[in-house]
Every structure is written in structure tokens, then in C-alpha cells.
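Report on the following structure.
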Amino acid sequence: MASNDDSNPHASASLEAARRQRRIGWTMTLILGVIYFTYLFSVVLAPEAMSIPIGGNLTPGLLLGVGVIFAALILATFYVVQANRNDADAARRS
Amino acid sequence: MSGSGAQNAMIFFLIFVALTLAITWWAARRTQSANEFFAAGHRITTTQNGLALAGDFVAASAFLGVTGIAALSGFNAIVFAVAMTVAWPIMLFLFAEPLRALGKYTFADVIEYRLGNSRIKGWTALVTIVSVFTILTFQMAGAGAVIKLLFGFSYSLSVALIGAFMLVYVLFGGMIATTWVQIIKMVLLLVITFLLLGLVLSNFGWSPSAVLGAAAERSGAKVLGPGGMPPLELFALGFASTIGVTSLPQVLLRFYTVPDPGVARRSLLLASIIIGCSVIMFVFLGYGIMAVLGPDAVRAADRGGNMAVPLLADHYGGGLLLGFVGAVCFATILAAVCGILLAGSAALAHDFWIGVVRGGQANDAEEFRVAKIATVLLCLGGVLLAILVEGQNIFVLSAISATIAASTIFPALILSLYWRGLTYSGTVAGLLVGLGGGLVLLYLGPLVQIQMLGRTSAIVNLGAPAIITCPLSFIVTWLVSLMTDPGVSPKRYEEITERTGAGWQS
């Protein structure tokens, strides 16, 4: 376990890694939140625009819904790849 | 259900029971301590935990509910699917690693550590028990209805049967058996979903667009776009589902079954991917059911659309497929209630008894013994309550659970992990206002007043009160924290920041 002592170089390296990780977590949450609420507001406020048929029987409402789910999965994957790399970096430096 | 369907269901059901009992027997020999009982000895792998987490979520409400909503009204299902799926990456970004890094068995461990005051666990145990007990009753009542339908037993006998199985799995097999039951069920559920999707698509020349077209032809093009629900209500429901799902105690419990924060993170990614792909398939399958059977046939079988999938199975495969689907539905509910029971037991034994009554000073053997007693008590209570609520609209209970989680556990966890100024009094005030406010608004709202008590109008016209009580809990926690003494809280905040995430190993 990392110690609290800031003069310990290992501790400050791990502290920096931990802070970076938390920052990335909140950034991802914010991006996903904006995407999600934009979708929710579009569905609630512009139902007509979300019902226009595009390409066969698809509508923007359905397509964007699936899109939000995939966007969430892509953000999650990006976060985990980033966090794994962050872990490996911190392990190498300590 | 037809006679051959009931017979086939019975055969599949017996195979499932035999398999899971064998697993429980195997798991029982590995469950000799509280650590194994609550956290499977922290030895669950990424893939196993990913499947089990997904299984916890893709329970009856997501599988039967989302397909049912899609089969009845179409578009709203995709909004619920999005709302519930988005919760999982958020859990990954904000909760998974710090919770695993800092706790032992429950989310309350982290809050206690942050505040340096074990009494907080009494309050978290209270909100956990309210949330867990309502969802346990809701699931058991649902299971009772399904078994009654499948095998023709009486409702009380069906509920008692579920209770007996649940008790055996959890009491003897603990988290190890609960995890494996959940994994088996999740795999079965994916198999049946692929099978039914294939059957629907083959009916329409393997063209997804043709399926949507046929659904629109039956019920009008409106099913492909938003509408049919007041905008504010849809928004409030979406918000409540997302925030509620991020903080369900039975889901948070699974973070502790893995060896370290890295595995927690990766298993949550796997769970998110399985869940995201599953809900898209469920929505599409629902449109398929609308196209093949039409919403009227679905509504005739069950007003809430919960019988949509079994109806489709009956349509395509007759008794054999129906039997398989029936057994999978039963397995789904059984697996879900086991996890919920375990979460309640952890709150009573680990948080309340060991944490508050014994001040954290008790050995593993005592914790294990208390956990088993708590399990039996909760199971008996759940069975009795489920028998009493027969005939009530069970979705009321599910709404209570999500509202409580969103208005109590979510604010407490976010502020414990990410706000320096939190104090003990602030946390208690936020938990109580969230719990009380949520229950009062639910009671005055349309779910209880109209659906449960049969009145013509509600006193407060808000179906999903979390949109008010969740922010309210944040504000109250913040205000009270500003006025009270933080104690060790700021120092612990620094430690949490440091010990969270990358580079930290237990």
C-alpha cells in the first residue's frame, strides 16, 4: 500500500496515477451524461423529428437509442484500456 | 399453459434444479467462513463476474419487461433500455475501483471508512434492508405468478417453493453458489434470446427492417417513434432507472467477489457489453412479437406484457420451446432473488450486527453464524410478505427499490468518494431525507394511490419521485455537512483519493 508521505517518490507517483484515474472517470461520466440527456431531451421535446422514417422502417429515435448504447460501451472500453495502461505505468514506476 | 408445455417445463425445470443443487453441494464445501459466504473468497474471475453481474441485471424485469413493453407499445422500450444500460458504464467510471479497493463486503464499508464512524452502518443497513426487502417481495411475487402459470400450483405453494430453493442455495452455497446459478442462467437466457430472434428473423426473410415494418403495419407507424407517454413522466422514469441501477445493493455486493480493483473494472466492462447487446436484442425481439402476434394477443395474456416471450415460444415451438422458456424464466427469478437475499443478509450481519452492535470487533466465525441467521429471517419474511401482496400490482414494489437506491445510496456513495466536505451528520441527514421523502412521495403518487389503492387520482402526480428526492438528498447532505464538524473525514478523503484506482494493490 502506498504511504501518505509525500517525500516518498513511490507514493507521489501512485497518487498522481490515482488522481489521473479519477479525472478520467469523471470526464467519461460527463461525456456519457451529455450524450444520454441529449437523447432523452430529444425524445421528450421533439417526438415528431424522432419519428421521421429514414432508410426503410428505421426512425432517428430508434437509431440514436442504439447509438447511445454503443457510445456508452465505447466510452467504457476506452476507460478500461486507459485504466489498465495507467495501472501498468504506476506498477513500472514504483 | 397447455399440458405438454407444463410437462416440458417440469422436465427442464428439474434438470436446472438438479444442476444447481449439485453446484450448491460443491459450493457448500467451499463456504466455511463469512469471507466465502459474502464474497466467494474474492476468487471470482473477470469472465465469471461479468456474466453474473449481467445476470443480476437481465432478470425478469429486463427480459420479460423490456420485451413486453416493446411488444405492447414499441418505442418506449428503447428509452428504458438506454436508461438502464447507461447506468453500467457510470458505475464503472465512478464506483467499481474505489469500492473494491476500500471495502470488504458491502458498499457501507467505504462510507464507514470515509467518516471514521461505525454508527453510519446502522443507517446504511436500514436503507439497504428497505430496498432489498421490497425488491425481494416483488421478485418472489412475480416468481409465484410464473410458477402458478407453469405448473398449476397454488400461488402460496409457488412462493413457498421459490423461498425454499432460494434458502438452500444461499444458506449452504453462499456467494459461490449464487454466482454460478446466475452464470448458468445468463448463458441459458442468451441461448433462448438468440433462438427466438433467429425464428422471428427467418419469418421475415432475415430482414430487420421487414420486422419493424410488419410491427408498424399491425399497430401503426407511431410505435417506431416517441409518444404515448407524458414527456415529464418519461424523463423522470429514465432518470430514476439510470441512477437507481447504479446503486442497487445486490449489484454493488458483486464488486467484492473479485480479487482486486483491476478485475472489478474489467468484469464491469464485460457486464456492460453483455447488457448493452442484450437489451438491444430484447427491444428488437419485442418488435418481432408485435409483428408476429400483435399487441392485442400479448395484452390478453397479461396486461403488463410480461407473457410476451412465453407466448412467442408457444407460437413457434409449441410445448417443447414453451417449456424451455418457462424453465429459463423461473431460473432467472431464482438467480435474482438469491443475490438479493445475500445483499440483505450482508446488510444485517456485516453492517448492522458486526459493524454497529459489535463495533467491528468480532471474529469471522461469529459473522458467518449471524449471516446464516439473517438469511433465514429475511427469507421467511420475504415469503410471508410475497404471499400477502398477491393480486397487488408488483411494479409498485420495484419502483420503491429503485427510488430508495437513487435517493439514498447514490448520493452517499458519490459524496463519500468525491467530496472533501462530507460529515457524519450530513450523511445521516441525506440518507434519512432520501428514504423518508422517497417513501412519502411514492405513497402520495399514482403507483400507490391509483394502482394499489384503486383511487381515481393521485395526490402528487409523479410516478418516479427519484427525480426530486435524489437531488434533495444531495442538497440536504451538503447543507448539514457545512454546519457540522467533519472529524477525520477530510483526512480520510485524501487517503481515499490516494488508494483509489491505479497502482494500488491490496
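The values are calculated or read from the model by the stated rules, or taken from the named source; none is laboratory data. For clarity, every value in this text was computed on a predicted model and none was experimentally measured. Note: ideal-geometry Cβ built from the backbone for every residue, glycine included; neighbour counts use all protein chains shown.
Considering B:P486, B:P490, which residue is at pLDDT below 95, crowded, with 17+ Cβ neighbours inside 10 Å, within 30 Å of A:L15 (Cα to Cα) and not hydrophobic (A, V, I, L, M, F, W, C)?
Values: B:P490 fails: crowded, with 17+ Cβ neighbours inside 10 Å.
One residue alone meets the criteria, B:P486.
In the range B:462-482, what residues are free of Cβ contacts under 8 Å to residues at least 24 places away in the same chain and more than 33 Å from the chain's Cα centre (by Cα)? If the condition is that a residue be free of Cβ contacts under 8 Å to residues at least 24 places away in the same chain and more than 33 Å from the chain's Cα centre (by Cα), then no residue fits. Counting only helices (runs of 4 or more DSSP H) wholly contained in the range B:230-319, the ones carrying 1 or more residues that are at pLDDT below 95, within 23 Å of the chain's Cα centre (by Cα) and within 30 Å of A:I35 (Cα to Cα) occupy B:231-246, B:249-252, B:261-292. Quickly run through the range B:425-439 and pick out the residues that are of a type outside the set (G, A, S) and modelled with pLDDT of 95 or more. Correct list: B:T427, B:V428, B:L431, B:L432, B:V433, B:L435.
Picking from residues in the range A:75-92 that are charged (D, E, K, R) and more than 8 Å from every other protein chain (Cβ to nearest Cβ), the one that is farthest from the chain's Cα centre (by Cα) is A:R92. Return yes when B:V448 is loosely packed, with under 15 Cβ neighbours inside 10 Å and either in contact (Cβ under 8 Å) with a residue 12 or more places away in the chain or aromatic (F, W, Y) (or both) and no when it is not. Considered against the rule, which asks whether it is loosely packed, with under 15 Cβ neighbours inside 10 Å and either in contact (Cβ under 8 Å) with a residue 12 or more places away in the chain or aromatic (F, W, Y) (or both), B:V448 comes out as no. Looking at B:S61, B:S156, can you tell me which residue is modelled with pLDDT under 95, among the hydroxyl-bearing types (S, T, Y), more than 27 Å from A:V81 (Cβ to Cβ) and touching a Phe, Trp or Tyr at 6+ places or on another chain (Cβ under 9 Å)? Sole residue among the options that is modelled with pLDDT under 95, among the hydroxyl-bearing types (S, T, Y), more than 27 Å from A:V81 (Cβ to Cβ) and touching a Phe, Trp or Tyr at 6+ places or on another chain (Cβ under 9 Å): B:S61. Could you list, in sequence order, all residues of the range A:45-64 that are at pLDDT 90 or above and part of a loop (DSSP other than H, G, I, E, B)? Result: A:T59, single match.
For B:R30, the conditions (1) at pLDDT below 95; (2) assigned to a helix (DSSP H, G or I); (3) not aromatic (F, W, Y) are fulfilled apart from (2).
In the range A:61-74, the residue that is nearest to the other protein chains (Cβ to nearest Cβ) out of those that are more than 14 Å from B:A271 (Cα to Cα) and surrounded by fewer than 22 Cβ atoms within 10 Å (Cβ to Cβ) is A:V66. Among residues of the range A:33-52 being farther than 16 Å from B:L94 by Cβ and exposed (fewer than 15 other Cβ atoms within 10 Å of the Cβ), the one that is farthest from the other protein chains (Cβ to nearest Cβ) is A:T38.
Only a single criterion out of (1) of a type outside the set (G, A, S); (2) within 28 Å of A:L40 (Cβ to Cβ); (3) crowded, with 20+ Cβ neighbours inside 10 Å; (4) within 14 Å of another protein chain (Cβ to nearest Cβ) is not satisfied by B:L248, namely (4). Would you check if there is a residue in the range B:454-472 being on the phi < 0 side of the Ramachandran plot, out of contact with any helix residue (DSSP H, G or I) (no Cβ under 7 Å at 6 or more places or on another chain) and crowded, with 22+ Cβ neighbours inside 10 Å? No, every residue in the range B:454-472 fails to be on the phi < 0 side of the Ramachandran plot, out of contact with any helix residue (DSSP H, G or I) (no Cβ under 7 Å at 6 or more places or on another chain) and crowded, with 22+ Cβ neighbours inside 10 Å.
Of all residues in the range B:214-229, which are surrounded by 18 or more Cβ atoms within 10 Å (Cβ to Cβ) and in a helix (DSSP H, G or I)? Within the range B:214-229, B:A214, B:A215, B:A216, B:S219, B:V223, B:L224 meet the criteria.
Among residues of the range B:199-211 that are under 21 Å from B:D314 (Cα atoms), those with a beta-carbon under 8 Å from a residue that is exposed (fewer than 15 other Cβ atoms within 10 Å of the Cβ) at least six positions away or on a different chain give the pairs B:L201/B:S207. Do we have A:L30 as assigned to a helix (DSSP H, G or I), modelled with pLDDT of 95 or more, within 24 Å of B:P98 (Cα to Cα) and within 7 Å of chain B (Cβ to nearest Cβ) here? Against the criterion (assigned to a helix (DSSP H, G or I), modelled with pLDDT of 95 or more, within 24 Å of B:P98 (Cα to Cα) and within 7 Å of chain B (Cβ to nearest Cβ)), A:L30 does not qualify.
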